[in-house]
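S.K.: Pasting in a structure now, in structure tokens, and then I'll have a few things to ask.
The values are calculated or read from the model by the stated rules, or taken from the named source; none is laboratory data. Predicted, not measured: the structure shown is a model, and the values here were computed from it. Here the Cβ positions follow ideal geometry from the backbone for every residue, glycine too, while neighbour counts run over all protein chains shown.
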């Protein structure tokens, strides 16, 4: 199997950590996106190509697994390989690993396309890119495969008007510092919107205000995002969330992000999460009485 190449290296900063004391999920996504930009250089799609052809690699679908917490100060490296190549896209695999211990912290699988920077219309991959990508083909490692989620084809994009069974968990206007140079919302901030919504979701469905409980928190184990379209600075977005499934230790949440003015879907996502003992840093099983209550809140038909 072809050896993966290093595409990013950094460390966890205190300001990237959330109230759980570990790096927030949006920064995993930000570092993975930076790694995709570096991978583009190996594929002949670096900054010079972008400046000349006004097109860059952008993810249309993400699957992310979080295998280990990353606390402030932890050094990490991201390496990448290619799982599949077509004339119009790539399936890219990346994994974040601790530079000292070698332990895998997170994995990222992304379906990426070459999109026009301004219109976001899809372009065919150059022949040199296809050749370079084929030289980086790898097999998907077992630790990068889906575990709690099933990666089915995306559903028909939902409409805001059809979400009466879901919970209103976030709403806001896209700011310039949340966007790329072309004014489109970045992958980090798609994830950031969902992350910021979780306290409202838990509060409304479970009566859980974690600002009042420093001993119990939560963590995501796995995420999937499908990007239906890319909103721009100034757009107002609104999020609706619901419970897809509940197990002995995990919850599977679904999140649908909409343009508030147009009512159409921006992105759909689902996530497997756990409750976390913040002192022991261990998973907390869901009490039977709470699970029974939550099972009554499951919304049939949710998905990406």
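So that you can scan it fast, the table gives a plain yes or no per residue for (1) outside any strand (DSSP E or B); (2) more than 12 Å from residue 266 (Cβ to Cβ); (3) within 22 Å of the chain's Cα centre (by Cα); (4) not assigned by TED's automatic domain parsing to the domain that holds residue 276:
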{"residue": "197", "(1), (2), (3), (4)": "yes, yes, yes, no"}
{"residue": "202", "(1), (2), (3), (4)": "yes, yes, yes, no"}
{"residue": "224", "(1), (2), (3), (4)": "no, yes, yes, no"}
{"residue": "229", "(1), (2), (3), (4)": "yes, no, yes, no"}
{"residue": "245", "(1), (2), (3), (4)": "no, yes, yes, no"}
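S.K.: Check region 68-78 and report whether any residue there is buried (at least 21 other Cβ atoms within 10 Å of the Cβ), in a strand (DSSP E or B), touching a strand residue (DSSP E or B) at 6+ places or on another chain (Cβ under 8 Å) and modelled with pLDDT of 95 or more.
M.R.: Scanning region 68-78 turns up at least one residue that is buried (at least 21 other Cβ atoms within 10 Å of the Cβ), in a strand (DSSP E or B), touching a strand residue (DSSP E or B) at 6+ places or on another chain (Cβ under 8 Å) and modelled with pLDDT of 95 or more.
S.K.: Here's something else I'd like to know. Select from region 294-304 the residues that are surrounded by 13 or more Cβ atoms within 10 Å (Cβ to Cβ) and outside any strand (DSSP E or B) and list them in ascending order. Walk me through it before giving the result.
M.R.: Kept after step one, since they are surrounded by 13 or more Cβ atoms within 10 Å (Cβ to Cβ), are these residues of region 294-304: 294, 297-299, 302-304.
Hits for region 294-304 are 294, 297, 299, 302, 303, 304.
S.K.: Give the residue that is nearest to residue 304 (Cα to Cα), with candidates limited to residues of region 270-289 that are at pLDDT below 85 and surrounded by 15 or more Cβ atoms within 10 Å (Cβ to Cβ).
M.R.: This residue is 275.
S.K.: Which one is nearest to residue 89 (Cα to Cα) among residues in region 125-144 that are within 21 Å of the chain's Cα centre (by Cα) and either in a helix (DSSP H, G or I) or not assigned by TED's automatic domain parsing to the domain that holds residue 97 (or both)?
M.R.: Keep residues of region 125-144 that are within 21 Å of the chain's Cα centre (by Cα), which gives 140-144.
When the remaining residues are screened for being either in a helix (DSSP H, G or I) or not assigned by TED's automatic domain parsing to the domain that holds residue 97 (or both), the result is 142-144.
Working: 142: 23, 143: 24, 144: 20 Å.
Filtering first and then ranking leaves 144.
S.K.: Determine whether residue 150 is over 30 Å from residue 201 (Cβ atoms) and either over 18 Å from the mean Cα position of the chain (by Cα) or not in a strand (DSSP E or B) (or both).
M.R.: Details: over 30 Å from residue 201 (Cβ atoms): no; either over 18 Å from the mean Cα position of the chain (by Cα) or not in a strand (DSSP E or B) (or both): yes.
No: the conditions fail for residue 150.
S.K.: Can you give me the number of residues within region 74-104 that are farther than 17 Å from residue 38 by Cβ and touching a helix residue (DSSP H, G or I) at 6+ places or on another chain (Cβ under 8 Å)?
M.R.: Residues flagged as farther than 17 Å from residue 38 by Cβ and touching a helix residue (DSSP H, G or I) at 6+ places or on another chain (Cβ under 8 Å) within region 74-104 amount to 3.
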